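To keep things clear, I will list the structure first and then write my remarks on it.
No lab work stands behind these numbers, since they all come straight from the coordinates. Owing to the predicted nature of the structure, the values given are computational and were not obtained by experimental measurement. No Cβ is skipped: glycine too gets one built from the backbone with ideal geometry, and neighbour counts run over all protein chains shown.
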Amino acid sequence: MDETAERSEIVVGVDPARDVRLPVYWAVDEAERRRAGLRLVVAVPPPHDTQHVDDGPRFQAQAVAGRNALASAADLVRERSPGTRVATALLEGRPAQVMAGLSRNAVMVVLGSRRLRRTEEFLGAGSLVVPVTAQAGCPVAVVGDAEHATQAAPYLVVGVDGSESSRAALAFAAEEARLRGCALRTVAVWQPPVFTRHPDPAALQQAESRLLGELTAPLTELLPDLSLTHEVTSGSPVEVLAGAAEHALAVVVGRRGHGGYSGMRVGSVVHGLLHRAHCPVITVPAT
């Protein structure tokens, strides 16, 4: 059986300390497109096991705040889409670990973004974006900014570099564009080799263009109605992709592996886009 056929829920991380309307509304719209249910989740770190500090009051206060946040988020779902299936879950555990665990049986995980500074994103107890993006077993959408839905010709951007994860991102982005009925802009970025004194830019450009054409050719056969464009350029992948996605509905990129030390490592392009892009960022693991 296809593993993805068993996945019918989009998991949404609800942060009681911030306004969750943007990620919740985004998740509702995605659930409608995919005919999926929503599971709204708040994870509360367990009380510290210590003989010196009674952490019970803190835990109880966070549990109450979590239940209230879940109820409010569920109301937002019902207001926006009364027909969407919604469930709530208040779970005990470290938030990043809880969300990563739930991702194994989800079609997608949706998170909001606090636009944290780099030290806060790693050390802050409430930060989910970096560790969940690194560890999740399904696509993760980080919704820190609204979609640019007012564009006359709406489009998605996908970064393609020929890796296994970028091939998965390309397939996901094509399906997402089909569901949305929008165009797909495929972008490949090449950088001059560091140890080559006289690189041939024309040859590098041709090689990237040829690779991009080979990777996207099956999509045009599978989805003949998909509006697909190619772009090959040199420069910083983060800056090029962020620029291409300036007015996009979302930018889609692949991510490699499931994290490094402490499961906190994400690729430099993914990490950069999470800080730089002004639209939702969707990262896709290698299949």
Discussion item. Taking 41 Å as R0, compute the FRET efficiency from the Cβ-Cβ separation of S268 and R85 and round it to 0.05.
Written reply: 0.60
Item to complete: Could I have the simple spin-label model distance between H278 and S8, label points 7 Å from Cα toward Cβ, reported in nm to one decimal?
Response: 4.1 nm
Worksheet, complete the sentence: With +1 at each Lys and Arg Cβ and -1 at each Asp and Glu Cβ, the charge dipole magnitude of the stretch 155-285 around its Cα centre, to the nearest 20 debye, comes out at 360 debye
Discussion item. Can you compute the FRET efficiency between V64 and A286 using 1/(1 + (r/R0)^6), with r the Cβ-Cβ distance and R0 = 45 Å? Round to the nearest 0.05.
Written reply: 0.65
Worksheet entry | Counting all C-alpha pairs of the stretch 155-285, share separated by more than 26 Å (%) | 21 percent
